[in-house]
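See structure below.
A short reminder: the numbers here are calculations on the coordinates, not readings from a lab. Everything numeric here is computed off the predicted structure, so don't read it as measured data. Here the Cβ is made from the backbone with ideal geometry for all residues, glycine too, and neighbour counts use every protein chain on show.
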Amino acid sequence: MKERKELEIPKNFIIRTDRLPEHGFDFSETVTGTWLSALLAESDPEHEWSFAQDASVRVQCRPQGEGVILESASGTLAEHPCTRCLRVVKFPVNFQIDMYLEPGEEKELELSEEDFSVESFLGQDEIHSAMQLASRERGFFKDGVVEVAPLIREELWLQLPDYPTCDNSAALEPAGCHGEVLESSKAEELRFRQAKWAGLADLKKRLPSDS
Ligand SMILES: [Zn+2]
């Protein structure tokens, strides 16, 4: 069981959209491996990932319409004991975030068949901006604040392999694994899914709950 501490969030990672300059801004923030590990622990306290290196996280944020465009990129090296033989395996992790975030909350659209004729629920302007933004992932923020850390956590969970074994092709130096299977693959799968879902649930929690 790992020690649980309140994670200190770098000030830069909390972006107040009302203070965003017209042309946005751009910075690099160095976070330690310990910090990245603690960030993952917020959605899965029992995870066994660790990060041996500091990571420089590049963030660009600029206003776009009602919302903001957020781009971020970083790379680091993650380590996890092989789930079969427990040998520590290293995995390069590179991520890139390219999102359009808007104020509000995710709408659960319940569409009837008629709604699929696009004109029935979208105006021309909306169609135009939807097409412009279609290439970016969408997200939401509330209270005028964009938080970068949860987005990084989501991205890390997406990049880290579900089955960190010696022979995983994503490993820095994939090698043959001669270990016994320590957990049934079913249990393993459930564990990793839970960790990822916890991350998503956490994102949802940050959205306004009243609809
Ligand atoms: Zn192994």
Label-point separation (nm) for residue 162 and residue 87, each offset 7 Å from Cα along Cα-to-Cβ?
2.4 nm
Lys and Arg at +1, Asp and Glu at -1: neighbours of residue 61 with Cβ under 10 Å from its Cβ sum to -1
In whole Hz, with x marking every Gly and Pro, tabulate ³J(HN,Hα) for segment 81-92 from phi via Karplus 6.51 cos²θ - 1.76 cosθ + 1.60, θ = phi - 60°.
x, 3, 6, 9, 10, 6, 5, 6, 10, 9, 10, x
What number comes out for the charge environment of residue 19, summing +1 per Lys or Arg and -1 per Asp or Glu over other residues with Cβ under 14 Å away?
0
So, R0 is 25 Å and r is the distance between the beta-carbons of residue 66 and residue 98; what FRET efficiency does that work out to, to 0.05?
0.85
Label-to-label distance, nm, for residues given as residue 106 and residue 50 (7 Å Cα→Cβ offset):
3.3 nm
